[in-house]
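One structure is given here, and the rest of the page talks about it.
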Amino acid sequence: MSHNTCTSFGICAILESRHLRLTGQSIELAPGWVHTCVGVASPDTAIDMGYVVSRLANRSVPLASQGSYPWNYADCGVAGAVAVPALQPVAGPLAIQLALEVGLAVATGMA
């Protein structure tokens, strides 16, 4: 797997948490798909959370069982299983606190 996969795992954790909260069903999404098929242009390219969030709009993420890990570029066309809701970056500790207070899932990154 290439650089910055933590972003892809964080995004999948947010989506899995949201799905569990809304449906009561626990699922495992494919962070390899998010990383390989949405986040990077080549295997050695670092990714950025804001870039991935914007590219995930109106898409669906496949389940982890639908592909390999690491994900193969040839398999990027696999149908997604869970629709991505509107994701928004949150800036600063107060915005994070408010998001958590209303029950939203939040992922953070470190530079």
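Note on region 1-39: residues that are at pLDDT 90 or above and not in a helix (DSSP H, G or I) total 7. Residue pairs whose Cβ atoms lie under 8 Å apart, sitting 6 or more positions apart in sequence or on different chains, and linking a residue in region 84-95 that is closer than 20 Å to V34 by Cα to a partner that is surrounded by 11 or more Cβ atoms within 10 Å (Cβ to Cβ) and basic (K, R), are V84/R59; P85/R18. Checked against (1) outside any helix (DSSP H, G or I); (2) open to solvent by less than 80 Å² (accessible area, probe 1.4 Å); (3) at pLDDT 85 or above, S68 passes all but condition (3).
The values are calculated or read from the model by the stated rules, or taken from the named source; none is laboratory data. Since the structure is predicted, the reported quantities are computational estimates derived from the model, not experimental observations. Quick reminder, even Gly has a Cβ in these numbers, built from the backbone with ideal geometry, and neighbours come from all protein chains shown. When the accessible area is computed, the model is the full protein with side chains, heavy atoms only, and any ligands, DNA or RNA have been set aside. Shrake-Rupley method; radii C 1.70, N 1.55, O 1.52, S 1.80 Å.
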